[in-house]
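Q: Have a look at this one.
The values are calculated or read from the model by the stated rules, or taken from the named source; none is laboratory data. Nothing here was measured: the structure is a model prediction, and the numbers come from that model. In this analysis, Cβ positions are derived from the backbone assuming ideal geometry, glycine residues included, and neighbour counts consider all displayed protein chains. Heavy atoms of the whole protein, side chains included, go into the accessibility calculation; ligands, DNA and RNA do not. Shrake-Rupley method; radii C 1.70, N 1.55, O 1.52, S 1.80 Å.
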Amino acid sequence: MMKQRLHALDVLRGLTVAFMILVNTPGTWSHVYAPLCHSPWNGLTLADLVFPAFMFMMGVSMYISLRKYDFRLQKALAWKILRRVIVLFCLGLFIYGLSGFLATLNNQYGEAGCWQAAFASLADIRILGVLQRLALCYGVAALLVTAVRHRMLPYVIGGILLSYYVVLVVGHGFSRGPENWLAQVDQWLLGLSHMYNDHGIDPEGVLSTWPSVAHVLIGFCFGKICLERSGLEHRLNRIFLYASLCLLVGFLLQDLCPLNKKVWSPTFVLVTCGFTALLLAVLLWYMDMRGMLRHTLCFDVFGMNPLSCYVLSEVLIILTDYFPLHGHSVHQSAYETLAFLCGDNAFTSLLYALLSVCVVGVMGYVLYRKKIYIKI
């Protein structure tokens, strides 16, 4: 049997976290290479694959971690699930609260009542986001895999995606306007002041969380294949087959159901899961079957503490954006220094992002060397 701790999974998870940081920390948003920008509406870019890949791998890891409980909702497991959901959700709220607090304080610093205004800004904190979506999808998916027989999960996934597609069709879900039901539900339940407002739609909104659960469940199913008792070559063939089917079906149906990250369309789920599963299969083939790609420390440091590195990167982004240095923010001062040396262009913006990845990587390396694995 393949080892319970899949090295290829750690590497892919680390690659994903590193790329998430790279996408989120350009030197300037005025100069960014096109593949590192999210698609404005329909379509798919390299950056659009990153967050879904992390959700897919959360599903793979879920199979590994829940297997020791025999996938039965015991008291200890229920507490573990609840604790993780709460911690992830609260961390997401903390990040948005810190950002809003420092932004308000920075804008009104020196004025009367600036501190009161900064604390008042916490009333308009964004409710849903990346970590909040991970929390909700993990909780729902964990309950489903402990309540439903695993051979029925493909039907559950199909039901989730089909029901959501019906909502998109009936509710003008592919329209980027106020008639979109996703926008109406987000504004009704969350309020515009508590949203990342993209034409009234939150990209991590309420209704689009439902198909995101399918992402985790698909990853869970692929995790089950990875740990089957059959030979590694047979398992890899199945992963390649099902990953190719996901890609094929997703691309074939895109005329009926456009690829769209903002609304998390069913075809987006299938295509991004297919890409991630194929990449995982390639890594498993090279690393576990061929014994190659052994020098992967630069990804291991992110993969062993993925959520911790991501949270750290978000906090660093906020601090560098709002802490002053030579009359500007730390971020602006650092980028202007690089721009003076290399020019104000996309390459310099990418270079700043790579330096941000390295800073987080050094901190992750310290945890890795001390064998500190922070479980969130």
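Q: With an 8 Å Cα cut-off and a minimum separation of 6 or more residues, compute the relative contact order for the chain in percent.
A: 28 percent.
Q: Now for a different question. Hey, can you find the accessible area per residue of the chain for me, probe 1.4 Å, expressed in square angstrom?
A: Spelled out: the 1.4 Å probe surface of the chain, per residue, equals 48 Å².
Q: Moving on. What nm distance separates the two modelled labels at Lys75 and Asn106, each placed 7 Å from Cα along Cα→Cβ?
A: That separation, rounded to one decimal, is 4.8 nm.
Q: Placing unit charges on C-beta atoms (Lys and Arg positive, Asp and Glu negative, everything else neutral), compute the dipole magnitude of the chain about its Cα centre in debye, rounded to 20.
A: 2020 debye
Q: Also: Which value, in Å² rounded to 10, gives the accessible area of Thr25 with a 1.4 Å probe and all protein chains present?
A: Thr25 has an accessible surface of roughly 10 Å² with all protein chains in place.
Q: Here is a follow-up. Give the calculated FRET efficiency between Gln184 and Leu162 to the nearest 0.05, with a Förster radius of 22 Å applied to their Cβ-Cβ distance.
A: The computed FRET efficiency comes out at 0.50.
Q: Any idea which of Thr267, Phe119, Thr296 is furthest toward the positive side of the dipole for the chain, if Lys and Arg beta-carbons carry +1 and Asp and Glu beta-carbons -1?
A: Thr296
Q: Do any trypsin sites (Lys or Arg not before Pro) in the range 165-235 lie in a loop, going by DSSP, with at most 14 other beta-carbon atoms within 10 Å of their beta carbon, and if so which?
A: Listed in order of number, the matching sites are Arg229.
Q: Another question about this same structure. Using alpha-carbon positions, what is the distance between the centroids of the range 331-376 and the range 310-330, in Å?
A: 12 Å
Q: Tell me, what is the 1.4 Å probe accessible area of Glu336, in Å² to the nearest 10?
A: 80 Å²
Q: Also, quick follow-up: Taking R0 as 35 Å, what FRET efficiency do you get between Leu82 and Asn237 from their Cβ-Cβ distance, rounded to the nearest 0.05?
A: The calculated FRET efficiency here is 0.40.
Q: Right, something else. Show the residues, 5+ positions off or on another chain, whose built amide H is closer than 5 Å to the amide H of Ser329.
A: Amide H neighbours of Ser329: none.
Q: May I ask you to evaluate 6.51 cos²θ - 1.76 cosθ + 1.60, the Karplus curve with θ = phi - 60°, for each residue of the range 336-350 and list the ³J(HN,Hα) values in order in whole Hz, giving x for glycine and proline?
A: Couplings: 4, 5, 5, 5, 5, 7, 10, x, 8, 8, 5, 5, 5, 4, 5 Hz.
Q: Given a cut-off of 27 Å, what percent of all Cα-Cα pairs of the chain lie beyond it?
A: Result for the distance tail: 52 percent.
Q: Here's something else I'd like to know. Treating the angle as unsigned and between 0 and 90°, give the value, to the nearest 10°, between the Cα long axis of helix 209-226 and the longest Cα principal axis of the chain.
A: Approximately 50 degrees, to the nearest 10.
Q: State the volume of the convex hull built on the alpha-carbon positions of the range 303-376, expressed per residue in Å³ and rounded to an integer.
A: 99 Å³
Q: So for the range 1-127, what percent of the C-alpha to C-alpha distances run longer than 19 Å?
A: 69 percent
Q: Right, here's the next one. Summarise the accessible area of the chain (1.4 Å probe, protein heavy atoms) by the percent that is carbon and sulfur.
A: Carbon-and-sulfur percentage of accessible area, whole number: 66.
Q: Using a/c under 1.5 as the rounded threshold, could you call the range 168-215 rounded, prolate or oblate? The axes a ≥ b ≥ c are square roots of the C-alpha gyration tensor eigenvalues, and prolate needs a/b larger than b/c, oblate otherwise.
A: It is oblate, given that a/c is not under 1.5 and a/b is not larger than b/c.
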